[in-house]
1. What helices in the chain pass both tests, a Cα length along the helix axis of 30 Å or more and a mean Kyte hydropathy of 1.0 or higher, using whole DSSP H runs?
2. Sorted by average packing, counted as other Cβ atoms within 10 angstrom per residue and highest first, what order do 5-11, 33-39 take?
3. Please work out the FRET efficiency for the pair Ile141 and Val107, using the Cβ-Cβ distance as r and a Förster radius of 25 Å; give the result to the nearest 0.05.
4. Run the numbers on the chain and let me know its relative contact order in percent, using alpha-carbon pairs under 8 Å that are six or more apart.
5. Please report the carbon-and-sulfur percent of the accessible area for the chain; probe 1.4 Å, protein heavy atoms only, DNA, RNA and ligands left out.
6. What nm distance separates the two modelled labels at Ile155 and Asp50, each placed 7 Å from Cα along Cα→Cβ?
7. What full-extension length gain, to one decimal in nm, is calculated for Ile121 and Ser5 as 0.36 nm per residue of separation minus the Cα-Cα distance?
8. Give me the distance in nm between label points sitting 7 Å out from Cα along the Cα-to-Cβ direction at His171 and Ser23, one decimal.
Amino acid sequence: MKQSSKCAIGGIVSALSLVLMISVAVIPFLTYALPAVAGMLIIFIVCEIDKKWAFGVYCTVAILGMLLVPDKEVAVMYLAFFGYYPILKAMIESKFPLVIEWIIKIVAFAATMAGSYFLMIKFMGVTIDETEEWGMMAYPILLGMGTFAFILYDIALTKMITLYIKKWQKHFKRYFK
């Protein structure tokens, strides 16, 4: 693939990712879904170019997201996990057996979410409304629910990668040479 095609694909994915994250200002109830979908777009870079280019696109979107996205929680979710997860997923799944893969993925998710929310609560003034109702039990409950949602996200990501490779990749390659 030519450098110009790589730059074009990177620019398109970056722009779409930013538009998705900025649109949370209009659709606020998708605070967690839109950074996850924006992260899914990195799949195309991983599949078509390589992990290094995907990491460059991730860095670009993460920096621009922190500067441009009005809801900083969305930008932090992309920066802290969803933006680089497709790259991490490709690396983990190519090196480890299935059980070890899942352990690494779940630990990475839990550690990243706990750390990023700790930093957002301490430094950005983000509040978790459920703590008023449930007290300190809110944190493990929310982390457990988040882990369940993450497992569904990972399965959906795998299905999307399979669908892309089987059905869309041949059409995509026609346009970007």
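1. 98-123, 138-163
2. Peptide ranking by packing, descending: 33-39, 5-11.
3. Numbers: r = 19 Å, r/R0 = 0.74.
FRET efficiency, Ile141 to Val107: 0.85.
4. Normalised by residue count, the contact order of the chain is 22 percent.
5. Numbers: 7270 of 9980 Å².
Carbon-and-sulfur percentage of accessible area, whole number: 73.
6. 3.5
7. 37.7 nm
8. 1.9
The values are calculated or read from the model by the stated rules, or taken from the named source; none is laboratory data. As the structure is a computational prediction, the values presented were derived from the model and not from experiment. Glycine also receives a Cβ, built like all others from the backbone with ideal geometry; neighbour counts cover every protein chain displayed. The accessibility values were calculated without ligands, DNA or RNA, using every heavy atom of the protein model including side chains. Shrake-Rupley method; radii C 1.70, N 1.55, O 1.52, S 1.80 Å.
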